[in-house]
Amino acid sequence: MTAPLPPSPRGPECPPAAVLEALSAGEPTPDATRDHVKSCAACSAQLDALTGGREAFLKARPADRFLRQLERREATAARAPAPWRRFLPVLAAVVPALVLVLVLGPKLIEDNPGVTWKGEAFRVVAARPGAEPTPLAPDSVVKAGDRLRFAYESPEAGHLLVLELDGRGGASVFHPFNGTTSAPLAAVQRDFLPGSVELDDAPGAEWLFAVFSPRPLQATPLLAQLREQAGRAEPTLTCDGCRVSSLRLRKTP
Amino acid sequence: MDDTQLGQLYERYGFLVHRRCLQLVRRPEDAEDALQETFLRVKRYGPPREGEATLAWLYTVASRCCFDLMEKRGREPVAEESQLAALEERGGGSAEDADRRALLGAALRTLDGKTRTIGVLHYLDGYTQEEVAAQTGFSRKTVGKKLKTFEDRIRQLFGGRGNEAPR
């Protein structure tokens, strides 16, 4: 049976459609990609089509008109009765229960001897040959050669980076492994993230940071922040609009 | 974000965001609606940070708006015409292929978040299965399996065009 949806044809050297689209919008693109596009008839034609399409689009829908449409839409939305008012009776029943969960929930989690989350549902387990995977709590002892797996649960979809700062002051990206940008994360993702990471022999404190954001993240500035804090007792990460969870492990040889 | 910044963002990315919305929701009036909603959310929540992949971020917001819209309208796009063939300058294959592509948004709507992410990266962003695996951190096998689920859904929708998809 043939594939029901053949992907768009693309030569072996051609960049993905999304890269050509970013190029057409003037986003930074590697020189090699630009050189290829110049010499490839199919990519040049696609880039021209995108550029032409944008010009025609803006001619038909100029920015000032679009902004006025947005203003009208905002004004209409402001006049409409808030949909949540219809749910007031339900809210009245649910809110007390929710308050109980919020007050008692953290206590229940503290009592749980398994994986401990600091702030968010960031879970880490260590897999050792011939043993069951072990959930890791703050200051758990790990060894060189242990394989770590991660899980991160968020009620909404977004983007996730898992970063590491080791005892030698080295910082790296654990998820997506050695990546430069965050990986997309589906909402309410309960499974462990794909892949695992084998710990090296850098001794001492091993800090793990899960950085969740509704927007894609670049790893480089975050790694630089971590490297600057090498040796500190409590390194921290700041990132606008992100949720950062951390876990300190103790690595023995 | 003020109107000047928003206008600049629209001039640079409005066409691409509208194109992505049209690929997902198909109906021009729905794409217009999703485009406006995308930029309203941008206005509300602020611009991406300097150096961030702005287009990828806008595509994420736009996809959410499109799926929200589809949920709200609760209807399937109808594959009675091959509008997508005209949109996809690189889209090869027959008119029937284009009709099946047109079911992409409908199929994605009924699938889980992981499959949606993989489907969008492969069929809209044009990444190969290996590149999708590298970007998302999923194994090549998982990517292949999720795309198979997605293709089965397309096949199912294509076989019963006009019917409401199971929810």
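All of (1) crowded, with 16+ Cβ neighbours inside 10 Å; (2) modelled with pLDDT of 85 or more; (3) not aromatic (Phe, Trp, Tyr) hold for residue A:10 with one exception: (2). Restricting attention to the range B:115-139 and to residues that are of a type in the set (Gly, Ala, Ser) and part of a helix (DSSP H, G or I), the residue that is surrounded by the most Cβ atoms within 10 Å (Cβ to Cβ) turns out to be B:119. Close contacts from the range A:229-253, counting a first residue that is polar (S, T, N, Q) and a second that is exposed (fewer than 14 other Cβ atoms within 10 Å of the Cβ), with Cβ to Cβ under 6 Å and a gap of 6+ residues or different chains, come to A:245/A:118; A:245/A:119; A:246/A:118; A:252/A:141; A:252/A:143.
Annotation: residue B:34 fulfils all but one of (1) crowded, with 22+ Cβ neighbours inside 10 Å; (2) outside any helix (DSSP H, G or I); the unmet one is (2).
Screening the range A:151-180 for residues that are part of a strand (DSSP E or B) and farther than 25 Å from residue A:228 by Cα and picking the one that is nearest to the chain's Cα centre (by Cα) gives A:158. Among the residues of the range A:53-70, some residue qualifies, meaning at least one is within 31 Å of the chain's Cα centre (by Cα), at pLDDT 90 or above and not hydrophobic (A, V, I, L, M, F, W, C). Here residue A:159 fulfils each of the conditions (1) touching a Pro at 6+ places or on another chain (Cβ under 6 Å); (2) more than 23 Å from residue A:186 (Cα to Cα) apart from (2).
When A:222, A:185 are screened for being away from chain B (no Cβ under 11 Å) and closer than 21 Å to residue B:53 by Cα, only A:222 passes. Is at least one residue of the range A:223-240 surrounded by 15 or more Cβ atoms within 10 Å (Cβ to Cβ) and among the basic types (Lys, Arg)? Within the range A:223-240 (the criterion being surrounded by 15 or more Cβ atoms within 10 Å (Cβ to Cβ) and among the basic types (Lys, Arg)), the answer is no, since none of the residues qualifies. Looking across A:172, A:213, A:140, one residue alone is among the hydroxyl-bearing types (Ser, Thr, Tyr) and under 22 Å from residue B:113 (Cα atoms). It is A:213. If you go through the range B:1-33 and keep only what is touching a Pro at 6+ places or on another chain (Cβ under 6 Å) and of a type in the set (A, V, I, L, M, F, W, C), you end up with just B:1.
The values are calculated or read from the model by the stated rules, or taken from the named source; none is laboratory data. Only a predicted model underlies this, so the values are computations on that prediction, with no experimental measurement involved. Ideal geometry is used to build each Cβ from the backbone, glycine not excepted, and the neighbour counts take in all protein chains shown.
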